[in-house]
1. Every residue in segment 467-518 that is charged (D, E, K, R) and open to solvent by less than 60 Å² (accessible area, probe 1.4 Å), please.
2. For segment 437-452, enumerate the residues that are of a type outside the set (Gly, Ala, Ser) and in contact (Cβ under 8 Å) with a residue 40 or more places away in the chain.
3. Test of understanding: among GLN130, GLN162, GLN193, GLN142, which residue is within 24 Å of LEU86 (Cα to Cα) and open to solvent by 50 Å² or more (accessible area, probe 1.4 Å)?
4. One residue is enough: does segment 105-121 have a residue meeting the conditions closer than 21 Å to LYS65 by Cα and either more than 10 Å from the chain's Cα centre (by Cα) or among the aliphatic types (A, V, I, L, M) (or both)?
5. Which of the residues spanning segment 506-536 are touching a residue at least 24 places away in the same chain (Cβ under 8 Å), assigned to a helix (DSSP H, G or I) and within 20 Å of LEU489 (Cβ to Cβ)?
6. Of the conditions (1) over 30 Å from VAL190 (Cα atoms); (2) open to solvent by 20 Å² or more (accessible area, probe 1.4 Å); (3) touching a residue at least 12 places away in the same chain (Cβ under 8 Å), ASP246 clears all except one; give me its number.
7. What tally of residues in segment 540-562 results from selecting those that are at pLDDT 85 or above and open to solvent by 80 Å² or more (accessible area, probe 1.4 Å)?
Amino acid sequence: QQLVLTPEPPRGGVHAAATNAEVPVPWSRFSAWLECVCVVTFDLELGQAIELVYPHDVKLSEKEKTSICYLSFPDSYSGCLGDTQLSFRLRQSVGRSSSWFGHEDAYNRDAPVTLQKEHAHFHGYVYFRQVKDASVKRGYFQKSLVVVSRLPFVNLFHSLLQVIAPEYFEKHEPCLETVCNEIDQWPAPVPGQTLNLPVMGVVMQVRILWMEKLFRTNIILIHFSKTTLTNLLPAPTVLPSVHELDHFKCFQSVLIHVQMLWELMLLGEPVVVMAPSPTVSSETVLALVSAIAPLRYCGDYRPYFTIHDSEFKEYTTRTQAPPNVILGVTNPFFIKTFQCWPHIIRLGDLKMSGDLPKQVKVKKLTFLHKDKAFIKRLLKGIQKKRPSEVQSAILRRHLLEQTESFILPLERYLESLMPLQRSMSPWKTPPQIRSFSQDEFMKTLEQAGPQLTLKGDWTGLYRRFFRSPNFDGWYRLRHREMIQKVECLHLEAICAADLLTWTKDKSEVEIVDLILKLREKLMRARKHQLPVKEELLERLEQSIQTIISSLPEDLQTLLHRQ
């Protein structure tokens, strides 16, 4: 049988959502994971320049290309010799088509908020090599292989680069083409399924957990296994997560300040991380952002930021207060530029954490007291040479429990704003959700405050949180979910009602109006994929048909045409 391929759509438009089960759209599977793969080299006349973009038809704006070029090379102050891995995040150009993305995107609907695809930013994952090479004019081979994606899977994509980059630097473009074609055979990133991702003889086995209720840890495992002919099912080597970094390694030099850093992240405060290398800066910024999981950090953040960045002027202006952004920098120029910023973290070589009085400059802001017992536990772990991954697990668990304890009173209060199920009438518009009142919430803290032994000004912390982008992002998401919940309850009430009996003493105009409203409700439930059982929707559809069949034939014909 002849396989007919449809013409390739413009990239960035249809993407994975347009995948046809019988005739796959070229690059649709690739696009579910990656936007593109770039090679950035150093040109003596041009400086950093994009040598290659794959797939070849990818549409990057000139601004995006320039940003990728500068963010893919460590600056000269870092002195990075050998191989270096780093991450960056850049703003997408205005007007970029992303119609495939959003409420219709199945991945985002099912993934935890902290792992969802980005609407307006790209993540870049870089493998940079700088080695002496006598055949090059400047005496050094300098090149970066860059994976660009909307997904925040830092561990997965750096693991992918560790497999493909060394091979690419030896074999060049044909190798890259093979890799991209292999990625285009990968299954879509579906939460809740175990996925095998083969590339260059290595199989990465990934399981992205389904989005669960708040207060559950979402662990994503990657297994590495080398395939051989004699052993088709090798024992996998497990990487602990697709997105989590080694928090302990990232925070070890500022360990005594971890409580304060959590507060800064929770409140979305402006923070500059000054680091000796882009690897340290990017890992630290990403670790900071994830410190408030399962809350999503809703401010801007740049794991690696340079003076060439398109937002450089916007973020360094002194005519207004610093924006809600976390910047990771390595250029000493920024020491003077950001000296007026309220919160600065300076990182150097890792040391014992007790001897760093000038490493963190923070405007007096902290609301909670230090958890000295917890810090003591981690410091004791250093003395006992406790493995870093164990220390990391302890630290992550502590931060998670702290965030959960902070959010739980807010969740309880939101529940109280919901209309009662018994107030749902199938014959009336569903009742409204009560408005959020900060003062009313504050009164609930006396009985239902954070369940922690940690002392401090919790009321002040909540009041400051209400002014942060993180509260705004959290509330918008939860309010949307509450509206959907009310719609679901109303649908259930309609399905439980005897609609046909209701129509017996009603005029044709009233019955037609009911049919049209029910159809609209049914269509909205399917379009927005409300969490309602399909059998309930089918029952409603059947009720609509029964009501239509009770009408005169001319009206039946008219309604069936619509």
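The values are calculated or read from the model by the stated rules, or taken from the named source; none is laboratory data. Keep in mind the model is a prediction, meaning the values are calculated, not measured. Don't worry about glycine lacking a Cβ; one is built from the backbone with ideal geometry, like all the others, and counts go over all protein chains shown. The protein model used for the area step is the full one, side chains on, heavy atoms only, and it has no ligands, DNA or RNA in it. Shrake-Rupley method; radii C 1.70, N 1.55, O 1.52, S 1.80 Å.
1. Taking segment 467-518 as the starting set, the residues that turn out to be charged (D, E, K, R) are 467, 472, 476, 478, 480-481, 485, 487, 492, 498, 504-506, 508, 510, 513, 517.
Within segment 467-518, ARG478, GLU487, LYS506 meet the criteria.
2. PRO450, GLN451, LEU452
3. GLN162
4. Just the residues of segment 105-121 that are closer than 21 Å to LYS65 by Cα, to begin with: 117-121.
Imposing the further condition that a residue be either more than 10 Å from the chain's Cα centre (by Cα) or among the aliphatic types (A, V, I, L, M) (or both) reduces the set to 120-121.
Checked against the condition, which is being closer than 21 Å to LYS65 by Cα and either more than 10 Å from the chain's Cα centre (by Cα) or among the aliphatic types (A, V, I, L, M) (or both), segment 105-121 yields at least one hit.
5. Matches in segment 506-536: LEU514, LEU518, ARG519, LYS521, ARG524, ALA525, LEU536.
6. Of everything listed in (1) over 30 Å from VAL190 (Cα atoms); (2) open to solvent by 20 Å² or more (accessible area, probe 1.4 Å); (3) touching a residue at least 12 places away in the same chain (Cβ under 8 Å), ASP246 misses just condition (1).
7. 1
Table: residues versus (1) small (Gly, Ala, Ser); (2) touching a helix residue (DSSP H, G or I) at 6+ places or on another chain (Cβ under 7 Å); (3) free of Cβ contacts under 8 Å to residues at least 60 places away in the same chain.
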residue: SER405; (1), (2), (3): yes, no, yes
residue: GLU411; (1), (2), (3): no, no, no
residue: LEU414; (1), (2), (3): no, yes, no
residue: MET418; (1), (2), (3): no, yes, no
residue: ARG422; (1), (2), (3): no, no, yes
residue: SER425; (1), (2), (3): yes, yes, no
residue: ILE433; (1), (2), (3): no, yes, yes
